């Protein structure tokens, strides 16, 4: 079936996306999977409706630019310095490991050396777009493992550009002076972009955004134009659209307007990314891919298992806990949209055939689908693998403990989670002259809180021994601002095991989660969108004073 206009075609695809999305919601499946299925259904393999590929790709490209721009908004120079070494080490280490063993595995599956090189390179890179979307949905983009993951995914994005230049230089019909000349030009372009970002961040953005902020609509329009404009500029000079948009976000990250811009771009970002996943699904040729099912399963297992393990191993050597390494490692358990671009490049150059392109596409769909479930269920998956993963953790995870300051022996309130909401509650509680101990597993958050004079302690709520390290003998109230229901359940269980008889207060992000928190035993729940930090602090103080009057003795026997 064909449509008379592109508008009718997009309307039909959106209707399909809505129907499949509702079914996915009923079946409790990730929406990303439903979007990919929409692409397969609307694509040439089934209905053949997605014929306006250029329009879908255009919307997809804008969505990608907005997504990476929002990621850049959440990073500042200090954060980049703190995660830079581990991001570089894990990014390059995973690339080398996957490329080498992927090449050997491809040779073992019977592919010729040149084709095996292409397959290995395509297995190497992970999808920045999908990972950032999943981490944002889980509210983990600001966590330690989320920041490290974004760091090494950016390293991969730069490496994939070098890979494309290298593979293109093998074609005698291509000009440009070969790999060395193109690599030097790329280095100069990258340096110019970074210097331009620093200069813009320092001298241009603060006064410019101050003027634009007088009109919120104009501020959002400027943000979208800045993101897409830098992405187009980077693409035009042979760099990466993703890196260009990312640096555009970084240039605004140190201003006072980044949160306002990010919050207003979230809906636009999610809508436009729908077309990226539809485009991904519509590119799968089911008939050709079926012939490559066996090799695709073998290579998919390699990506799903091998890539996360190498990241866990590298981060363990660098002094990170096994849980942090595991959660960051899951983000490389799929191949990237760049892999499909590389495959198309190889086909155009005549270095691989349709069979290899179908194989790479099938591996992409398999790994993206399965890694989505792995990331969304990461807490449960870690609970199953916690024991075997001990081999990857050093006796002292010094990188995560760096900046952690032991709290006082006696406190009134233990507060877990020093994000924006948690920090606001801390400020209000301190105004009531209460002794507070702040807990977080992000060293950056701990350093910021400690610089403001708050006693802090490193803590991972998923660690079974975590609760035992808290000063529960004096604390009257334990407050959790963590967004994970699993984490709050683990904290509640640990408090019960320790015999804590005080008040456990948890934070819910919607009404459904509120009911679940009450079910696991939270005596009070806070809703950030309804309970401002001032009101939350008043509730906590009221509970604490009441408990102290009723039970002045220790709350832990």
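Brief remarks follow.
- Residues satisfying the criterion are present in region 25-32 (criterion: surrounded by 15 or more Cβ atoms within 10 Å (Cβ to Cβ), without any contact (Cβ under 8 Å) to a residue 12 or more places away in the chain and over 21 Å from residue 362 (Cβ atoms)).
- Residue match in region 528-536 (condition: surrounded by 22 or more Cβ atoms within 10 Å (Cβ to Cβ), under 34 Å from the mean Cα position of the chain (by Cα) and at pLDDT 75 or above): no
- Test: residue in region 186-197 that is exposed (fewer than 14 other Cβ atoms within 10 Å of the Cβ), outside any helix (DSSP H, G or I) and assigned by TED's automatic domain parsing to the domain that holds residue 255: no
- Set side by side, the residues 204, 224, 228, 250 differ, and just one is within 17 Å of residue 72 (Cβ to Cβ), in a helix (DSSP H, G or I), out of contact with any strand residue (DSSP E or B) (no Cβ under 7 Å at 6 or more places or on another chain) and modelled with pLDDT under 85, which is 250.
- Count of region 483-524 residues which are in a helix (DSSP H, G or I), touching a strand residue (DSSP E or B) at 6+ places or on another chain (Cβ under 7 Å) and surrounded by fewer than 19 Cβ atoms within 10 Å (Cβ to Cβ): 2
- Residue match in region 344-356 (condition: within 22 Å of residue 136 (Cα to Cα), out of contact with any strand residue (DSSP E or B) (no Cβ under 7 Å at 6 or more places or on another chain) and either surrounded by fewer than 20 Cβ atoms within 10 Å (Cβ to Cβ) or touching a residue at least 60 places away in the same chain (Cβ under 8 Å) (or both)): no
- Taking region 403-463 as the region of interest, the strands (runs of 3 or more DSSP E) fully inside it that hold 2 or more residues being at pLDDT 85 or above are 413-416, 436-440.
- Looking across region 94-122, the residues that are in a helix (DSSP H, G or I) and either surrounded by fewer than 15 Cβ atoms within 10 Å (Cβ to Cβ) or touching a strand residue (DSSP E or B) at 6+ places or on another chain (Cβ under 8 Å) (or both) come down to 96, 100, 104, 108, 113, 114.
- Checked against the criterion of being at pLDDT below 75 and in a helix (DSSP H, G or I), region 54-62 has at least one qualifying residue.
- Of all residues in region 488-521, those satisfying the criterion of being farther than 19 Å from residue 440 by Cα and free of Cβ contacts under 8 Å to residues at least 24 places away in the same chain are 510, 511, 512, 514, 515, 518, 519.
- Number of positions in region 422-471 that are in contact with a strand residue (DSSP E or B) (Cβ under 7 Å, 6 or more places away or on another chain), over 25 Å from residue 147 (Cβ atoms) and surrounded by fewer than 22 Cβ atoms within 10 Å (Cβ to Cβ): 3
- Residue check, residue 202 farther than 30 Å from residue 159 by Cα and either touching a helix residue (DSSP H, G or I) at 6+ places or on another chain (Cβ under 8 Å) or loosely packed, with under 14 Cβ neighbours inside 10 Å (or both): no
The values are calculated or read from the model by the stated rules, or taken from the named source; none is laboratory data. Everything quoted here is computed from the prediction, not taken from an experiment. Neighbour counts are summed over all protein chains in view; Cβ atoms, including those assigned to glycine, are modelled from backbone coordinates with ideal geometry.
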